[in-house]
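Contents: one structure, followed by commentary.
The values are calculated or read from the model by the stated rules, or taken from the named source; none is laboratory data. The structure presented is a predicted model; accordingly, all values stated were derived computationally and were not measured. Cβ sites come from the backbone with ideal geometry, for glycine too, and all protein chains shown count toward neighbours. The protein model used for the area step is the full one, side chains on, heavy atoms only, and it has no ligands, DNA or RNA in it. Shrake-Rupley method; radii C 1.70, N 1.55, O 1.52, S 1.80 Å.
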Amino acid sequence: MATPPPPLRRAILPLLLVAVLVGALATTARADLVISRADRRVDLTSHIVRVLASLKVENVGPDPVSQVLLSFPNIQAKNLAAIRAFGTEGKVKGPSTVLPIEVVQPSGAPPELTFFSALLPKPLEKGRILHLDVLTVFTHSLQPFPEEITQAEAQLVVYQDSAHYLSPYPVKVQTLAIRLPGGRVESYTRHPSAKLVDSELKYGSFEDLPPFSYLPVIVHFENNNPFAVAKEVIREIEISHWGNVQITEHYNIAHGGARLKGEFSRIDYQSRPYVRGVSSFRNLIARLPPRAHSIYYRDEIGNISTSHLWSDSKKTQLEIEPRFPLFGGWQTTFTVGYGLPLQDFVFYSDGKRFLNITFGSPIEEILIEKLIVKVVLPEGSKDIEVSAPFPTKQWQEVKYSHLDIVGRPVVVLEKPDVIPEHNLYFQVYYKFNNISLLREPLMLITGFFLLFVACIVYMRTDMSISKSSPSYLAKLQWDEVQAAVQKIQGIFEQCLAVHDKLEASLRDLSRTGDIQSCKAARKAADAQFKELSKELKSLLTSLQSSPQSYQIWPKVEDLIIKEREMQEKLMTRHSTVVDSFEKKLRGQDIENRIALQQQKIAALRQEVESLLEYISEI
């Protein structure tokens, strides 16, 4: 092994103690199983370490074996977040089945080792072979070294493991491959079989290893991938049987890598972010269900507009960019919310409804030290049951929302050290009567009905002192003025509609050349103007005679003058265009003849519309 720097020597000491310990255990190992080949692949591209061990296990003992023991040093087991085993029996590896895993303590085993047992679906007979794949996921296994860096420095981390597969069974042939994220490798444990090619470090093969064989290795390398660690995430899933499942997620995220030393320079970061901030991360990716809608991303200040969203029929991807980049030791809080279609996640079976949704966070490669999932069921739900794919702490609460009487039952699930591998489906079963859906609408209907009744009674109640009082008579006169003004507005709007018809007839003339149709349109418009003028005359007489019209009458007069002027200009332009078409003039000549008229008509139209709007406000 290459001589490490002094701080790393202290890190090697626990591994050497484990090596001495497991060497003493070799005599107590079981000899009924033999691992004929063990291939381990360690993925260090993220801050979450994943180890896949592919084992070929053979029963060489006289009796059938119903379990396979898996051993880990306590210094590793304390960071074990997930372990899964998949097995298939036969000389040739076929489709695998998931094997149950449980913690065991074999007789005579020391407390310095943690043992797990992979239970086989049927005992492994003598001479039979089992292909076993074991996936283990570890957190906090990459230690920053140095622990503090400046803004311009890259992040270096240390990983410790054994080049030999630590097993209570003999191992005939074994290899180890460590996948690195790229970048420089400061140092690694030297061995005759060690080989570093590109971003992969290989050890082995090793042959005829005794039980509990242990060979410490340390790798010191660069890793600038996001070390996103959520101190706490509260995920609330609220079910509404009106067709929506609302998800609200509250995050408290920190950068779990090497702490920033010294001051942060925003100018340096913005000018060269991938050099002066290589160890930081400025965005996170959340993969939401494909039909997610009404998505928002905000913090305590308000909505954050730097997020980006992509969606298609298979997925919805949200890029979350905090207000500032996160360096080691920095943290931020924010909230992500979105809605999901009810029919995609709530189903009915055996007299019960059940929610089927993923447990963990949709953010990629995030470690959640404490995850709280709250499932808010509709008011009136009962017989609640929870089915989760792993152990969780559970209890129930009550939440009060709009128009609730007894409150909504809330199922709370809590789990520490949640990783992407925990983002599995879980189910919440409950009974709910559809009649309960009518409770809130009936409450709203009753409330509005009582409100309308109160309004009717109030409007019908005569609270005036006398109907002959000046204020009452003035109110009646003002009501008459308002009614007359409304009718006048309607007549002028009809006039504008006739203007639009004349404009349309000219467009048709330019398109079809039908002069007779254009003349007929003008004749019809002229007749309509005369009819509207007759209706307007009586209303103007009534309005002018009212003493309450002194405020609005000048504007009405101005409106009449402007509209008649626009009417005359419009008729003149119409005649000019028709006459030009009869003389077969060119389009450009026609445009030149009516250009001034067109400008005047447009200005008058704008003035008429402004006056109508002003009268409407009065």
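The rows are residues; the columns are (1) of a type in the set (Phe, Trp, Tyr); (2) touching a Cys at 6+ places or on another chain (Cβ under 8 Å); (3) at pLDDT 95 or above; (4) open to solvent by 10 Å² or more (accessible area, probe 1.4 Å).
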residue: Glu222; (1), (2), (3), (4): no, no, no, yes
residue: Pro226; (1), (2), (3), (4): no, no, no, yes
residue: Ile234; (1), (2), (3), (4): no, no, yes, yes
residue: His241; (1), (2), (3), (4): no, no, no, yes
residue: Asn244; (1), (2), (3), (4): no, no, no, yes
residue: Glu249; (1), (2), (3), (4): no, no, yes, no
residue: Arg259; (1), (2), (3), (4): no, no, no, yes
residue: Gly262; (1), (2), (3), (4): no, no, no, yes
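Restricted to the range 55-89, and to residues there that are aliphatic (A, V, I, L, M) and free of Cβ contacts under 8 Å to residues at least 60 places away in the same chain, the residue that is nearest to Arg37 (Cα to Cα) is Ala85. Taking each residue of the range 543-555 that is in the same structural domain as Glu609 (by the TED database) and farther than 12 Å from Gln477 by Cα and looking for partners that are open to solvent by 80 Å² or more (accessible area, probe 1.4 Å) and at pLDDT 70 or above with beta-carbon atoms closer than 7 Å, six or more apart or interchain, yields Trp553/Gln544; Lys555/Tyr614. Quick check on Leu113: is it in contact (Cβ under 8 Å) with a residue 24 or more places away in the chain, within 19 Å of Gln67 (Cα to Cα) and touching a Leu at 6+ places or on another chain (Cβ under 6 Å)? Spelling it out, it is not the case that Leu113 is in contact (Cβ under 8 Å) with a residue 24 or more places away in the chain, within 19 Å of Gln67 (Cα to Cα) and touching a Leu at 6+ places or on another chain (Cβ under 6 Å). Within the range 393-442, restricting attention to residues that are polar (S, T, N, Q) and in contact with an Asp or Glu (Cβ under 9 Å, 6 or more places away or on another chain), the residue that is nearest to Ile253 (Cα to Cα) is Gln394.
May I ask you to list the residues in the range 295-352 that are free of Cβ contacts under 8 Å to residues at least 40 places away in the same chain, farther than 27 Å from Val386 by Cα and either among the acidic types (Asp, Glu) or in contact with a helix residue (DSSP H, G or I) (Cβ under 8 Å, 6 or more places away or on another chain) (or both)? Selection gives Asp299, Glu300, Asp312, Glu319, Glu321. In summary, Val411 fulfils each of the numbered conditions (1) of a type in the set (Val, Ile, Thr); (2) in a strand (DSSP E or B); (3) open to solvent by 20 Å² or more (accessible area, probe 1.4 Å) with the single exception of condition (3).
Of the residues in the range 457-498, how many are of a type in the set (Ser, Thr, Tyr) and either part of a helix (DSSP H, G or I) or modelled with pLDDT of 80 or more (or both)? Show your work before the answer.
Of all residues in the range 457-498, those of a type in the set (Ser, Thr, Tyr) come to 458, 461, 464, 466, 468-469, 471-472.
Subset that is either part of a helix (DSSP H, G or I) or modelled with pLDDT of 80 or more (or both): 458, 461, 471-472.
The total comes to 4.
Condition test on Asn433, is it out of contact with any Phe, Trp or Tyr (no Cβ under 9 Å at 6 or more places or on another chain) and in contact (Cβ under 8 Å) with a residue 40 or more places away in the chain? Yes; evaluated as a whole, the condition is true for this residue.
Return yes when Glu613 is open to solvent by 90 Å² or more (accessible area, probe 1.4 Å), assigned by the TED database to the domain that holds Leu502 and either in contact with a Gly (Cβ under 8 Å, 6 or more places away or on another chain) or among the acidic types (Asp, Glu) (or both) and no when it is not. Criteria met by Glu613. The one condition from (1) surrounded by fewer than 16 Cβ atoms within 10 Å (Cβ to Cβ); (2) outside the structural domain of Leu367 (by the TED database); (3) aliphatic (A, V, I, L, M) that Ile267 does not meet is (2).
Taking the range 76-160 as the region of interest, none of the strands (runs of 3 or more DSSP E) fully inside it holds 1 or more residues being within 30 Å of Tyr269 (Cα to Cα) and open to solvent by 60 Å² or more (accessible area, probe 1.4 Å).
Among the residues of the range 166-181, which ones are open to solvent by 30 Å² or more (accessible area, probe 1.4 Å) and under 19 Å from Asp43 (Cβ atoms)? The answer is Thr175, Arg179, Pro181. Between Tyr348, Tyr425, the distinction of being surrounded by fewer than 19 Cβ atoms within 10 Å (Cβ to Cβ) and within 30 Å of Thr139 (Cα to Cα) belongs to Tyr425 only. Might you let me know whether the range 490-498 holds any residue that is within 53 Å of the chain's Cα centre (by Cα) and open to solvent by 70 Å² or more (accessible area, probe 1.4 Å)? There is at least one residue in the range 490-498 that is within 53 Å of the chain's Cα centre (by Cα) and open to solvent by 70 Å² or more (accessible area, probe 1.4 Å). Only one of the numbered conditions (1) surrounded by 18 or more Cβ atoms within 10 Å (Cβ to Cβ); (2) within 28 Å of Lys231 (Cβ to Cβ) is violated by Lys399, and that is (1).
Quick check on my filter: what residues within the range 312-346 are under 18 Å from Gln246 (Cβ atoms) and in a strand (DSSP E or B)? Of everything in the range 312-346, those that are under 18 Å from Gln246 (Cβ atoms) and in a strand (DSSP E or B) turn out to be Thr316, Leu318, Phe334, Thr335, Val336, Gly337, Tyr338, Gly339, Leu340, Pro341, Val346. Of the residues Leu413, Leu424, Leu403, the single one that is assigned by the TED database to the domain that holds Ile285 and in contact with a strand residue (DSSP E or B) (Cβ under 6 Å, 6 or more places away or on another chain) is Leu413.
Can you spot a residue in the range 575-585 that is of a type in the set (A, V, I, L, M), over 55 Å from the mean Cα position of the chain (by Cα) and open to solvent by less than 20 Å² (accessible area, probe 1.4 Å)?
Yes, the range 575-585 contains a residue that is of a type in the set (A, V, I, L, M), over 55 Å from the mean Cα position of the chain (by Cα) and open to solvent by less than 20 Å² (accessible area, probe 1.4 Å).
Looking only at residues that are under 20 Å from Arg522 (Cβ atoms) and in contact (Cβ under 8 Å) with a residue 24 or more places away in the chain in the range 588-607, which one is surrounded by the fewest Cβ atoms within 10 Å (Cβ to Cβ)? Restricting to residues being under 20 Å from Arg522 (Cβ atoms) and in contact (Cβ under 8 Å) with a residue 24 or more places away in the chain, the top hit is Gln598.
No other residue among Glu369, Glu397, Glu365, Glu300 is touching a strand residue (DSSP E or B) at 6+ places or on another chain (Cβ under 9 Å), at pLDDT 90 or above, under 21 Å from Glu232 (Cβ atoms) and not in a strand (DSSP E or B) apart from Glu365.
Considering the conditions (1) crowded, with 19+ Cβ neighbours inside 10 Å; (2) without any contact (Cβ under 8 Å) to a residue 60 or more places away in the chain; (3) in contact with a Lys or Arg (Cβ under 6 Å, 6 or more places away or on another chain), Pro290 is excluded by exactly one of them, (1).
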